[in-house]
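The values are calculated or read from the model by the stated rules, or taken from the named source; none is laboratory data. Keep in mind the model is a prediction, meaning the values are calculated, not measured. When we count neighbours, we look across all protein chains shown, and the Cβ atoms used for this are built from the backbone with ideal geometry, even at glycine. Accessible surface is based on the protein model in full, side chains and every heavy atom, while ligands, DNA and RNA are left aside. Shrake-Rupley method; radii C 1.70, N 1.55, O 1.52, S 1.80 Å.
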Amino acid sequence: MDRVETIFSMTMQEIKDSINKWKDIMGNSEALNEYFEQGNCFLYDFPKYAEDSDYIHAYPGIHGDFLIFMFIPSNYDKPETKDIQSYVKASLAIQGQNTGRITKEEAVVRISDWVNHHKTWVKEQVDRPEGMFQAFQIDRDDYELSNTENYLGLKRHLLSHKTADLIVANLDGKDEVQYFDDFSTPVPPYSSSSAPQSSFYLLTL
């Protein structure tokens, strides 16, 4: 499956339905893990209109019977945006390569941790107070090149706790990774300063 087939546009109803289907299974670790088996990588071609946004919002969803992520620049993720669906680009999950900016080595560790340990992590996460992620806020600076692959990962913390991560792999014209960047924040939990709940409009549909 090439980039053209993997990245696609959606209607407003499809966006709403996909987000709500994700919300419906957020507490069901078995259903979540079945979808996560479809892949850990999501493509995004950084558009010109996103350059004035501080962040890219990435929303997981279920479209048909497929796991997707929907990407929208933060400046357009607002109720007053006319034709908001035209700023949302969705990507099917694909099996990606296991490959501030982070080193390739650190990126590989986080991506591999997701591939190898996400089933256990999901079972534990659905019972935590913040529950399963509903979106990611990604720093606009992570998108250094126009073509990107966005990998689910697990970031290690003290006491063996891990949090979900979305790592941006910037690709050159030959689809080879040039830079790994990781200034992403899963929500919830929300932050009143950098990631307030009110800034994630698509979650209110």
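Any residue that is charged (D, E, K, R) and part of a strand (DSSP E or B) - is there at least one of those in region 112-133? Steps first, answer last, please.
If we filter region 112-133 for residues that are charged (D, E, K, R), which is where we start, we get 113, 119, 123-124, 127-128, 130.
From what's left, part of a strand (DSSP E or B): none.
Taking every residue of region 112-133 in turn, none turns out to be charged (D, E, K, R) and part of a strand (DSSP E or B).
Return yes or no: is MET70 modelled with pLDDT of 95 or more, closer than 21 Å to TYR87 by Cα, aliphatic (A, V, I, L, M) and more than 16 Å from the chain's Cα centre (by Cα)?
no
How many residues are under 14 Å from the mean Cα position of the chain (by Cα), closer than 22 Å to THR6 by Cα and not small (Gly, Ala, Ser) when one looks only at region 93-139?
Residues in region 93-139 being under 14 Å from the mean Cα position of the chain (by Cα), closer than 22 Å to THR6 by Cα and not small (Gly, Ala, Ser): 7 in total.
Look through SER53, SER18 and report the one residue that is open to solvent by less than 30 Å² (accessible area, probe 1.4 Å) and farther than 20 Å from ILE94 by Cα.
SER53
Identify, from the list THR148, THR163, the residue that is closer than 15 Å to PRO73 by Cα and either assigned to a strand (DSSP E or B) or within 17 Å of the chain's Cα centre (by Cα) (or both).
Going through THR148, THR163 in turn, just one is closer than 15 Å to PRO73 by Cα and either assigned to a strand (DSSP E or B) or within 17 Å of the chain's Cα centre (by Cα) (or both): THR148.
Would you confirm, using the coordinates I've provided, whether TYR179 is modelled with pLDDT of 95 or more and either crowded, with 17+ Cβ neighbours inside 10 Å or basic (Lys, Arg) (or both)?
no
All but one of (1) among the hydrophobic types (A, V, I, L, M, F, W, C); (2) at pLDDT 95 or above; (3) over 26 Å from ASP17 (Cβ atoms) hold for ILE102, so report the exception by its number.
Of (1) among the hydrophobic types (A, V, I, L, M, F, W, C); (2) at pLDDT 95 or above; (3) over 26 Å from ASP17 (Cβ atoms), only one is false for ILE102: (2).
Name the residues in region 127-140 that are open to solvent by 40 Å² or more (accessible area, probe 1.4 Å) and out of contact with any strand residue (DSSP E or B) (no Cβ under 7 Å at 6 or more places or on another chain), would you?
Result: ASP127, ARG128, PRO129, GLU130.
Hand me the list of strands (runs of 3 or more DSSP E) wholly inside region 49-102 holding 2 or more residues that are among the small types (Gly, Ala, Ser).
On the way: elements: 55-63, 66-73, 89-92.
Filter on region 49-102 gives 55-63, 89-92.
Enumerate the helices (runs of 4 or more DSSP H) found wholly within region 1-48, keeping only those where 3 or more residues are over 29 Å from ASN147 (Cβ atoms).
12-25, 29-36
Can you tell me which residue in region 182-205 is farthest from PRO73 (Cα to Cα), limited to those that are open to solvent by less than 80 Å² (accessible area, probe 1.4 Å), modelled with pLDDT of 90 or more and hydroxyl-bearing (Ser, Thr, Tyr)?
The qualifying residue farthest from PRO73 (Cα to Cα) is TYR190.
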